[in-house]
Amino acid sequence: MARRTTKTPPPDDGFEERILDIDVVDEMQASYLEYAYSVIYARALPDARDGMKPVHRRIVYQMNEMGLRPDRGFVKCARVVGEVMGKLHPHGDASIYDAMVRMAQPFSQRLPLVDGHGNFGSLDDMPAAMRYTEARMSGPAQLMVESIDEDTVDFNPNYDGQEQEPGVLPAAYPNLLVNGSSGIAVGMATNMPPHNLGEVVAAARHLIRYPNADLDALMRHVPGPDLPTGGRIIGLSGIRDAYETGRGTFRMRATVRVEDVTARRKGLVVTELPFNVGPEKVIAKIKDMVGAKKLQGIADVKDLTDREHGLRLVIEIKNGFNPEAVLEQLYKLTPMEDSFGINNVALVDGQPLTLGLRELLQVYVDHRFEVVRRRSEFRRTKRRDRLHLVEGLLIALVDIDEVIALIRSSDNAAQAKERLIERFGLSDIQTQYILDTPLRRLTRFDRIELESERDRLNAEIAELTRVLESDAELRKMVSAELAAVAKQYGTERRTLLLESADTPVTAVPLEVADDPCRVLLSSTGLLARTATGDGVGDGGGKRAKHDVIVSAVPTTARADIGAVTSHGRLLRLTVIDLPILPEAAGPLTLAGGAPLAEFVSLEDDERVLCLTTLDESSPGLALGTEQGVVKRVVPDYPANKDDLEVIALKEGDRVVGAVELRTGEEDLVFITDDAQLLRYPAGQVRPQGRPAGGMAGIKLTDGAKVISFTAVDPAVDAVVFTVARGEGTLDGDGEGTAKLTPFEQFPRKGRATGGVRCQRFLRGESGLMLAWAGAAPARAATASGSPAELPPKDPRRDGSGVPLAKAVAVVAGPV
């Protein structure tokens with residue numbers, strides 16, 4: 001079949017009619033190939049060098065031309081879109097604005113290239129119209145066009161030949177790997193995940209240093225993608241396949257933790273979702289699954305996301321359902337677990353290729369070598385041109401009087417120029433520069449400046465020549481510039497990489513078993529329970545922040561425990577409500593525990609002193625107050641009350657220490673702020689009911705007060721730690737002088753006596769601000785929870801202290 005096409009105007013306009021017969025197959029083939037090539041090369045696929053499609057490159061370049069740098073003000077996006085469309089992009093404004101919006105979204109790009117002001121949308125909502133939003137370049141975008149005016153890249157004519165646009169950007173960092181890309185061309189597509197800037201730069205620098213590095217060496221720097229929305233990547237075999245062949249698949253999971261969302265109900269709190277998955281999509285799928293009765297155990301779903309706290313999707317679990325089991329079903333049936341298919345297709349020398357990690361890095365590194373080489377050549381040429389002018393001016397300054405006389409005696413500028421060239425051997429450019437130079441610059445001071453500039457230009461030219469003539473120096477410069485970019489804009493990894501998923505749902509029982517465990521309280525007020533009753537060791541090994549455990553009690557998962565406060569209250573806690581630490585978690589850390597405030601309500605000046613079991617067969621609690629009162633509490637805790645009074649305090653008094661006795665054979669220990677320590681057997685204190693006010697525990701001197709009370713087993717190795725308040729320090733502030741003394745150095749005394757001295761004060765010291773007694777080895781921490789070193793043991797019970805390197809806020813013994 002053929003088509004008749006009129007290629008000329010109709011004959012009634014005075015032209016002869018010419019009809020060409022064209023085979024429709026040839027016409028369709030030629031037109032389709034032209035269209036396919038245009039889509040592949042000019043629209044859908046990124047360049048492997050700068051990681052940008054033409055529309056993104058044109059946006060960044062035009063914003064730079066408009067002066068929309070990070071230190072300038074914002075302008076309307078409509079103005080940017082108009083400039084890009086009018087000068088560079090032969091397509092509609094919608095495609096330009098869509099690309100610009102994506103470049104400004106922190107959940108779409110790992111390192112946004114546009115600094116947006118206004119509503120740029122979310123994963124579930126469209127952005128505002130371009131007439132309402134404003135934008136400017138971000139810092140990383142400025143690095144993409146850095147030195148573009150120094151002949152670092154080639155420029156091509158725009159669509160109408162009236163403007164010039166860069167064929168590629170200089171790209172000071174590997175943008176394609178850092179921000180990823182996606183696009184659908186004709187017969188091919190690309191889908192590349194974002195990565196961490198610091199990791200990618202480290203791999204690029206390794207490749208620069210070791211050009212023959214293999215994939216394993218590079219993957220030690222880039223273990224996997226780092227998605228803008230965080231989350232978790234499950235299964236790393238697909239990532240290696242993608243890094244090796246350019247194609248692979250990995251699974252993404254939401255970051256979820258179990259919390260008490262109401263007084264009686266637990267919930268799953270989602271703080272991070274898979275890449276390109278929004279909360280509304282998850283909520284809609286959950287409701288569909290619940291309505292179809294394919295998902296059970298969910299009471300309600302709430303989206304509490306806001307700008308201050310970020311993503312927070314709360315899924316309330318019905319009573320009687322195990323949250324972990326429900327979570328596995330959510331992973332299976334909803335977008336809370338999603339897959340990402342990697343397809344690393346990018347343009348290399350205008351040809352679409354599928355590239356692995358090493359190839360992607362190599363293409364970028366080669367591009368950066370070329371950029372730095374051309375930039376250095378440009379700068380050297382500019383400095384040589386300037387040096388040529390400076391040297392000519394210096395020649396003229398040597399005989400300035402003769403130069404002036406020669407110029408004055410010439411009939412015109414052309415004659416003066418010829419005579420200067422003939423007399424001083426200057427070039428045409430040097431002579432013209434001398435004639436254009438004002439007389440006020442031809443002074444002795446300017447000669448000094450010119451000589452200094454000449455020396456500086458010679459040094460810079462020599463340095464640039466050294467870089468251009470040495471491949472090693474060029475590599476060193478490129479590597480150093482990449483390191484500077486990573487230092488300025490690098491951030492911590494957001495996505496957690498896991499080899500495999502957790503235990504399948506079939507292994508998770510519906511009802512939590514009443515297994516033995518231990519409940520732990522850290523120095524910074526974090527609560528958690530262990531997975532078993534074995535505890536967390538003796539605290540040896542590597543120290544971690546928030547790792548000082550001030551109280552630990554053995555219990556079971558379905559039991560209740562008590563928290564004793566400084567106001568003499570015992571608050572009931574349900575163990576199963578507390579977050580659980582894995583068996584290999586080691587010391588209590590911030591990621592493993594939850595704040596006390598989530599479980600108990602305290603007054604402003606009230607704090608939790610210790611945890612205790614509610615076992616009525618135990619010897620009970622021992623309490624010590626600031627005014628020297630001691631009390632042993634009969635373990636009678638009604639099950640129907642969550643807030644119990646365990647001591648009737650006098651006005652102005654408060655509990656400074658509380659401990660649950662294990663055997664009843666322990667020694668009770670008081671330490672006062674005037675450095676008196678009293679030790680006597682717990683048997684000297686008669687147990688009393690909860691409403692009682694206690695009895696005299698220690699005799700205080702005028703103005704003294706108790707700062708520490710505890711119980712120590714005399715059969716174990718124990719120590720006493722004290723810190724004196726130096727001149728100018730406040731309570732709990734300042735390092736002071738500290739002393740660590742063996743506990744056996746302090747003799748037993750009778751109850752209600754004054755005790756013995758535990759530290760001698762130095763000049764300027766007014767009393768103790770911190771004291772503790774307990775089993776060794778003692779561990780100390782600062783107010784922020786970081787570890788602090790303790791002084792060596794001093795066998796003198798009344799000796800003076802030594803200065804501390806860090807201010808100690810809390811001390812505790814082994815758990």
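The values are calculated or read from the model by the stated rules, or taken from the named source; none is laboratory data. Being a predicted model, the structure only gives us computed values, none of them experimental. Cβ coordinates were reconstructed from backbone atoms using ideal geometry, including for glycine residues, and neighbour counts include every protein chain displayed.
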**Report entry** Matching residues in segment 409-428 - criterion: being closer than 19 Å to V398 by Cβ and of a type in the set (A, V, I, L, M)
**Finding:** A416, L420, I421, L426
Query raised in the report: Filter segment 557-580 for residues that are touching a Gly at 6+ places or on another chain (Cβ under 8 Å) and part of a strand (DSSP E or B); which is farthest from R632 (Cα to Cα)?
Result: L573
Report summary line: All-but-one check, T589 against (1) among the hydroxyl-bearing types (S, T, Y); (2) modelled with pLDDT of 85 or more; (3) under 44 Å from the mean Cα position of the chain (by Cα), failing number (2)
Query - Meets criteria (under 18 Å from G736 (Cα atoms), among the polar types (S, T, N, Q) and touching a Leu at 6+ places or on another chain (Cβ under 6 Å)) for S766 - result: no
Query raised in the report: Has segment 118-130 got any residue that is modelled with pLDDT under 95, over 16 Å from R102 (Cβ atoms) and of a type outside the set (D, E, K, R)?
Result: no
Query raised in the report: Taking segment 295-309 as the search range and keeping residues that are modelled with pLDDT of 90 or more and surrounded by fewer than 17 Cβ atoms within 10 Å (Cβ to Cβ), which one is nearest to the chain's Cα centre (by Cα)?
Result: L304
Query raised in the report: Which condition breaks for R456 when tested against (1) at pLDDT below 90; (2) surrounded by fewer than 16 Cβ atoms within 10 Å (Cβ to Cβ)?
Result: (1)
**Report entry** Top-ranked residue of segment 765-791 - restricted to ones that are closer than 28 Å to G703 by Cα and aliphatic (A, V, I, L, M), ranked as surrounded by the fewest Cβ atoms within 10 Å (Cβ to Cβ)
**Finding:** A783
Query raised in the report: When residues of segment 73-113 are filtered for being without any contact (Cβ under 8 Å) to a residue 60 or more places away in the chain, more than 17 Å from A42 (Cα to Cα) and among the β-branched types (V, I, T), how many remain?
Result: 3
Query raised in the report: Has segment 678-693 got at least one residue that is touching a residue at least 60 places away in the same chain (Cβ under 8 Å) and polar (S, T, N, Q)?
Result: yes
Query raised in the report: Of the conditions (1) over 20 Å from L661 (Cβ atoms); (2) modelled with pLDDT of 95 or more; (3) not hydroxyl-bearing (S, T, Y), L678 fails just one. Which one is it?
Result: (1)
Query raised in the report: What number of residues within segment 229-265 are in a strand (DSSP E or B) and within 25 Å of the chain's Cα centre (by Cα)?
Result: 12
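Scan segment 165-178 for residues that are over 20 Å from V478 (Cβ atoms) and either of a type in the set (D, E, K, R) or modelled with pLDDT of 95 or more (or both) and jot them down. Give the derivation first.
Keep residues of segment 165-178 that are over 20 Å from V478 (Cβ atoms), which gives 165, 167.
Across segment 165-178, the qualifying residue is only E165.
Answer yes or no: is there a residue in segment 14-24 that is modelled with pLDDT under 95, out of contact with any Gly (no Cβ under 8 Å at 6 or more places or on another chain) and part of a helix (DSSP H, G or I).
yes
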Requested in this report: Mind telling me which of the residues K266, K293, K318, K302 ends up being within 24 Å of P595 (Cβ to Cβ), out of contact with any Pro (no Cβ under 7 Å at 6 or more places or on another chain) and not assigned by TED's automatic domain parsing to the domain that holds T574?
Outcome: K302
Report task. Taking the residues in segment 770-815 that are part of a strand (DSSP E or B), under 31 Å from the mean Cα position of the chain (by Cα) and small (G, A, S) as candidates, determine which candidate is nearest to P747 (Cα to Cα). Result -> A780
Report summary line: Heads up, the helices (runs of 4 or more DSSP H) in segment 388-479 (entirely inside) with at least 2 residues that are over 30 Å from R375 (Cα atoms) are 400-408, 413-424, 444-469
Requested in this report: Could you tell me whether R368 is among the charged types (D, E, K, R), modelled with pLDDT of 90 or more and crowded, with 21+ Cβ neighbours inside 10 Å?
Outcome: yes
Query raised in the report: In segment 615-643, which residue that is farther than 19 Å from V600 by Cβ, of a type in the set (A, V, I, L, M) and in contact with a Gly (Cβ under 8 Å, 6 or more places away or on another chain) is surrounded by the fewest Cβ atoms within 10 Å (Cβ to Cβ)?
Result: V634
Query - Exclusive hit being part of a loop (DSSP other than H, G, I, E, B), over 43 Å from the mean Cα position of the chain (by Cα) and modelled with pLDDT under 95, set E651, E735 - result: E651
Query raised in the report: Which residues, taken from segment 206-231, are surrounded by fewer than 24 Cβ atoms within 10 Å (Cβ to Cβ), closer than 29 Å to A44 by Cα and charged (D, E, K, R)?
Result: none
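Of the residues A99, A36, A78, A48, which single one is within 29 Å of Q362 (Cβ to Cβ) and surrounded by fewer than 20 Cβ atoms within 10 Å (Cβ to Cβ)?
Details: A99 fails: surrounded by fewer than 20 Cβ atoms within 10 Å (Cβ to Cβ); A78 fails: within 29 Å of Q362 (Cβ to Cβ); A48 fails: surrounded by fewer than 20 Cβ atoms within 10 Å (Cβ to Cβ).
Result: A36 is the single residue among A99, A36, A78, A48 that is within 29 Å of Q362 (Cβ to Cβ) and surrounded by fewer than 20 Cβ atoms within 10 Å (Cβ to Cβ).
For segment 159-181, how many residues meet the condition of being surrounded by fewer than 16 Cβ atoms within 10 Å (Cβ to Cβ) and either closer than 21 Å to R368 by Cα or not charged (D, E, K, R) (or both)? Reasoning before the result, please.
Initial filter on segment 159-181 (surrounded by fewer than 16 Cβ atoms within 10 Å (Cβ to Cβ)): 159-164, 167.
Still in the running and either closer than 21 Å to R368 by Cα or not charged (D, E, K, R) (or both): 159, 161-162, 164, 167.
Here the count works out to 5.
Give the residue, chosen from I576, I561, I647, I580, that is over 26 Å from V716 (Cβ atoms) and crowded, with 21+ Cβ neighbours inside 10 Å. Working first, answer last.
On the way: I576 fails: crowded, with 21+ Cβ neighbours inside 10 Å; I561 fails: over 26 Å from V716 (Cβ atoms); I580 fails: crowded, with 21+ Cβ neighbours inside 10 Å.
Within the list I576, I561, I647, I580, the selection yields I647.
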